[in-house]
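Participant: Can you keep this structure in mind? I'll have questions shortly.
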Amino acid sequence: EDAREREGASKKPENTDLKQQRLKAWTPVMTPWNIVMTLGLIGIIFGIVGGIMLANAGEEVVIRKQYDGSGTDDELAGCHIEVADAGTECQVTVRVDKKMKPPIHVYYEIDNFYQNHRRYVKSLSWAQLYHREVLREDELKDSECSLLYENGTKFLNPCGLIPNTLFNDVLLLTAPNDIQMKEKNIAWHSDVRDILKTSGDFAMGRAFDQMTVANSTDACFTALSSIQNPIRCAESTCRLFDIESKFYDDCYGYVCQGSYYDEFKCVSGELVVYHYDRLDKWQYLFQTFPQTISPLVGPNSEHFAVWIRVHALPRFRKLYGRISTTIDKDTDIVFTVSNNFDVHSFDGKKFIVLATGDLSFAFIANAYIAVAALCLAGAIIFAALQSFRPRRMGDPKYIPWLNDQHRDY
């Protein structure tokens, strides 16, 4: 009995204001005039903050140029494609009608593409992209990638709708010559560094003796060896590179393209070998989108990292690059576009967008101003009602059930 009493006593909360719920509290009475003052104060604060933000956002310049889809100018009819991976090249000229100061962001904009669809959002395997695991065939069929995990002959790695609908148009800024577009640091560093990894075994190496390999007649470095269907190098060729010995009999040749495509992992024209696990069974990202993804980069591509962060609306913009040079008024910016991303199949549209500053900044400023306007309007309406038709606090005539009881008696 004493043990039970001690046990019961131990469960009793301490005699403190916090545990006995005796803390002092402020419970204001929400009278009509208190509501008017509260809404007015919120409206004033949000209006000031929104006005300051909008004043800074007012310096933003946004220029859009459509180059595919219904409504495209006749001069860009040559850009139109109706099948994916067409590779149609055209030039898109964007006239800058107002001086633009750096940093100038280059976006691609897609209309009528629903990345927020429930089945689309879920169609991605983080086990492949994050944990660097190669899923078995039976696991693919029952995973989040069940909608798209094979191409008929090979299994996709990474699988799912999100990775395999990557925007693969190539945008090259070709004029003026003194303006360059950088495609570096366009994605979250954490995505590229910590999340997106090459699935399965991967290795690459450069030649010990560049001249010796440059004179090599190995077919893996010829035009016959494409990125989509690479030719395996001879073991003697693989041994010339600084690559792990276990890959000597299973490496593939690649002639480096350099620049942002290979993310400066090698110099243009340099001969490199690489290894992916089971190329005869798996189709990797660089084979699905050879226009955008290098075999030396794979899912670590910043363009891929930007794409897999899905948007909530059917019209969205994603960052493609940045310009760090001032663009004067009436300057023509010329992009050479390799058109591969088909929007005809879903009646979509594609745009190139040049913008200074952050496009979300103006939206947030307008949102603050909208909240301020609603609060001030509510304050004015409540003040007018209370002035011309005042309501006495605690008036029992506004309690219907009490009035019904009075009528019964």
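Participant: In contact with a helix residue (DSSP H, G or I) (Cβ under 9 Å, 6 or more places away or on another chain) and open to solvent by less than 60 Å² (accessible area, probe 1.4 Å): is that true of Ile110 in this structure? Break it down into steps so the answer makes sense when it comes.
Facilitator: Details: in contact with a helix residue (DSSP H, G or I) (Cβ under 9 Å, 6 or more places away or on another chain): no; open to solvent by less than 60 Å² (accessible area, probe 1.4 Å): yes.
No, not satisfied.
Participant: Further question on the same structure: I'm trying to understand the selection: among the residues of the range 25-57, which are open to solvent by 50 Å² or more (accessible area, probe 1.4 Å) and within 30 Å of Ala355 (Cα to Cα)?
Facilitator: Across the range 25-57, the qualifying residues are Ile45, Phe46, Ile48, Val49, Ile52, Leu54, Ala55, Asn56.
Conditions (1) out of contact with any Asp or Glu (no Cβ under 6 Å at 6 or more places or on another chain); (2) more than 14 Å from Gly47 (Cα to Cα), marked per residue:
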residue	(1), (2)
His344	no, yes
Phe351	no, yes
Phe361	yes, yes
Ala365	yes, no
Ala383	yes, yes
Ser387	yes, yes
Pro396	yes, yes
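Participant: Further, regarding this structure: Might you check whether a residue that is in a loop (DSSP other than H, G, I, E, B), under 30 Å from His105 (Cα atoms), open to solvent by less than 50 Å² (accessible area, probe 1.4 Å) and at pLDDT 85 or above occurs anywhere in the range 193-209? It would help to see each step written out before you state the result.
Facilitator: Kept after step one, since they are in a loop (DSSP other than H, G, I, E, B), are these residues of the range 193-209: 196-201, 208-209.
Okay, now just the ones that are also under 30 Å from His105 (Cα atoms), so 196-198.
Imposing the further condition that a residue be open to solvent by less than 50 Å² (accessible area, probe 1.4 Å) reduces the set to 196, 198.
Checking which are at pLDDT 85 or above leaves us with none.
Looking for residues that are in a loop (DSSP other than H, G, I, E, B), under 30 Å from His105 (Cα atoms), open to solvent by less than 50 Å² (accessible area, probe 1.4 Å) and at pLDDT 85 or above, one finds none in the range 193-209, hence no.
Participant: What are the residues in the range 225-239 that are open to solvent by 60 Å² or more (accessible area, probe 1.4 Å) and either more than 22 Å from Lys281 (Cβ to Cβ) or under 34 Å from the mean Cα position of the chain (by Cα) (or both), if any? Before you say what the answer is, go through the steps one by one.
Facilitator: Residues of the range 225-239 that are open to solvent by 60 Å² or more (accessible area, probe 1.4 Å), as a first pass: 228-229, 232, 235-236, 239.
Listed by number, the residues that qualify are Gln228, Asn229, Ser236, Arg239.
Participant: From Leu166, Leu161, Leu135, Leu148, which residue is open to solvent by less than 40 Å² (accessible area, probe 1.4 Å), within 25 Å of Tyr320 (Cβ to Cβ) and either in contact with a helix residue (DSSP H, G or I) (Cβ under 6 Å, 6 or more places away or on another chain) or modelled with pLDDT under 90 (or both)? Step through it out loud before you land on a result.
Facilitator: Values: Leu161 fails: open to solvent by less than 40 Å² (accessible area, probe 1.4 Å); Leu135 fails: within 25 Å of Tyr320 (Cβ to Cβ); Leu148 fails: open to solvent by less than 40 Å² (accessible area, probe 1.4 Å).
The conditions single out Leu166.
Participant: Still on this structure, please answer the following. May I ask you to list pairs of residues, at least six apart or on different chains, whose Cβ atoms are under 9 Å apart, with the first in the range 95-110 being in a loop (DSSP other than H, G, I, E, B) and the second being crowded, with 16+ Cβ neighbours inside 10 Å and at pLDDT below 90?
Facilitator: From the range 95-110, the pairs are Asp97/Val61; Lys98/Val61; Lys99/Val61; Lys101/Val61; Lys101/Thr356; Pro102/Thr356; Pro103/Thr356; Pro103/Gly357.
Participant: Report yes if some residue within the range 351-364 is of a type outside the set (A, V, I, L, M), in contact with a Gly (Cβ under 8 Å, 6 or more places away or on another chain), surrounded by fewer than 20 Cβ atoms within 10 Å (Cβ to Cβ) and touching a residue at least 60 places away in the same chain (Cβ under 8 Å); otherwise report no. Lay out the reasoning, then the answer.
Facilitator: The first filter runs over the range 351-364 and keeps only residues of a type outside the set (A, V, I, L, M), leaving 351, 356-358, 360-361, 363.
After this cut, where a residue has to be in contact with a Gly (Cβ under 8 Å, 6 or more places away or on another chain) as well, the list is none.
Taking every residue of the range 351-364 in turn, none turns out to be of a type outside the set (A, V, I, L, M), in contact with a Gly (Cβ under 8 Å, 6 or more places away or on another chain), surrounded by fewer than 20 Cβ atoms within 10 Å (Cβ to Cβ) and touching a residue at least 60 places away in the same chain (Cβ under 8 Å).
Participant: Return the residue satisfying two criteria in turn: it lies in the range 322-346 and is of a type in the set (D, E, K, R) and over 22 Å from the mean Cα position of the chain (by Cα), and of such residues it is least open to solvent (accessible area, probe 1.4 Å). Steps first, please.
Facilitator: Step one: of the range 322-346, the residues of a type in the set (D, E, K, R) are 322, 328-330, 332, 342.
Now drop any that are not over 22 Å from the mean Cα position of the chain (by Cα), which leaves 328-330, 332.
Details: Asp328: 88, Lys329: 125, Asp330: 92, Asp332: 61 Å².
Filtering the range 322-346 for residues that are of a type in the set (D, E, K, R) and over 22 Å from the mean Cα position of the chain (by Cα), the one least open to solvent (accessible area, probe 1.4 Å) comes out as Asp332.
Participant: Please report, ordered by residue number, the strands (runs of 3 or more DSSP E) entirely within the range 252-301 with at least 1 residues that are of a type in the set (Gly, Ala, Ser). Full working, then the answer.
Facilitator: Working: elements: 252-255, 271-276, 282-284.
Of the strands (runs of 3 or more DSSP E) lying wholly inside the range 252-301, those with at least 1 residues that are of a type in the set (Gly, Ala, Ser) span 252-255.
Participant: Of the numbered conditions (1) of a type in the set (A, V, I, L, M); (2) within 20 Å of the chain's Cα centre (by Cα); (3) open to solvent by less than 10 Å² (accessible area, probe 1.4 Å), Leu319 fails exactly one; give the number of that condition.
Facilitator: Of everything listed in (1) of a type in the set (A, V, I, L, M); (2) within 20 Å of the chain's Cα centre (by Cα); (3) open to solvent by less than 10 Å² (accessible area, probe 1.4 Å), Leu319 misses just condition (3).
Participant: Picking from Gln115, Gln128, which residue would you name as being at pLDDT below 90 and buried (at least 19 other Cβ atoms within 10 Å of the Cβ)?
Facilitator: Gln128
Participant: Does Asp347 count as of a type outside the set (Gly, Ala, Ser), in contact with a Ser or Thr (Cβ under 8 Å, 6 or more places away or on another chain) and within 30 Å of Val94 (Cα to Cα)?
Facilitator: Numbers: of a type outside the set (Gly, Ala, Ser): yes; in contact with a Ser or Thr (Cβ under 8 Å, 6 or more places away or on another chain): yes; within 30 Å of Val94 (Cα to Cα): yes.
Taking the combined requirement at face value, the residue satisfies it.
The values are calculated or read from the model by the stated rules, or taken from the named source; none is laboratory data. These numbers come from a predicted model, not from an experiment. Note that we place each Cβ from the backbone using ideal geometry, even for glycine, and neighbour counts take in every protein chain shown. Just so you know, the surface numbers come from the protein's heavy atoms only, side chains and all, with ligands and any DNA or RNA stripped out. Shrake-Rupley method; radii C 1.70, N 1.55, O 1.52, S 1.80 Å.
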